[in-house]
1. Counting each pair of different Cα atoms once, what's the Kirkwood radius of the chain in Å, rounded to one decimal?
2. Can you compute the charge dipole magnitude of segment 12-98 about its Cα centre, using +1 on each Lys and Arg Cβ and -1 on each Asp and Glu Cβ, nothing else charged? Give it in debye, rounded to the nearest 20.
3. Starting from segment 14-100, pick out the trypsin sites (Lys or Arg not before Pro) whose DSSP state is loop and whose Cβ has at most 10 other Cβ atoms within 10 Å.
4. Mind checking the per residue accessible area of the chain for me, 1.4 Å probe, whole number of Å²?
5. How much net charge surrounds PRO23 when only other residues with a Cβ under 15 Å from its Cβ are counted (Lys, Arg +1; Asp, Glu -1)?
6. How much of the accessible area of the chain, in percent, comes from carbon and sulfur atoms when a 1.4 Å probe is used?
Amino acid sequence: MEKGQQPLQSSLEDIILDRVNGPGWVATRGVVKDPRSAEASEIEEAEQAMRNLAKRGLVRLWRLTVEHDGSKMMAAARLDLELDKDLEERGAWARAEPYE
């Protein structure tokens with residue numbers, strides 16, 4: 001890990017936890033600077049921060065599939081949130097499956 005990268009990861013982890021504690025979940029799209037033009041490295045950093053939190057037992061990871069284009073992204077949710085059922089009940093723009 002490069003010098004200076006740890007604070008960025010910690011900052012991302014704080015953002016993810018804040019959003020998970022608020023609405024209950026957040027996708028990578030919700031933690032990058034500009035979701036429309038995020039670079040692969042920025043998305044990977046967000047996903048790694050989510051994985052770190054999951055390893056520590058702070059969030060549960062999900063794979064979202066966007067309905068209109070089939071694209072996939074990672075999401076982190078509260079441990080007690082069944083994101084798949086929540087999205088289905090709300091008729092949301094994506095389906096969720098537990099992340100393996």
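The values are calculated or read from the model by the stated rules, or taken from the named source; none is laboratory data. As the structure is a computational prediction, the values presented were derived from the model and not from experiment. Cβ coordinates were reconstructed from backbone atoms using ideal geometry, including for glycine residues, and neighbour counts include every protein chain displayed. Heavy atoms of the whole protein, side chains included, go into the accessibility calculation; ligands, DNA and RNA do not. Shrake-Rupley method; radii C 1.70, N 1.55, O 1.52, S 1.80 Å.
1. Numbers: mean 1/r = 0.0729 Å⁻¹.
Hydrodynamic radius (Kirkwood, Cα only) of the chain equals 13.7 Å.
2. Working: 14 positive and 18 negative charges, 30 e Å.
The calculation lands at about 140 debye.
3. Numbers: sites: ARG19, ARG29, LYS33, ARG36, ARG51, LYS55, ARG56, ARG60, ARG63, LYS72, ARG78, LYS85, ARG90, ARG95; in loops: LYS33, ARG36, ARG56, ARG78.
Taking segment 14-100 and a limit of 10 other Cβ atoms within 10 Å, the loop trypsin sites (Lys or Arg not before Pro) found are LYS33, ARG36, ARG56.
4. Working: 6260 Å² over 100 residues.
For the chain, the solvent-accessible area averages 63 Å² per residue.
5. On the way: positive: ARG19, ARG29, ARG60, ARG78, ARG90; negative: ASP18, ASP80, GLU82, ASP86, GLU89.
So the surrounding residues net to 0.
6. Roughly 48 percent, rounded to a whole number.
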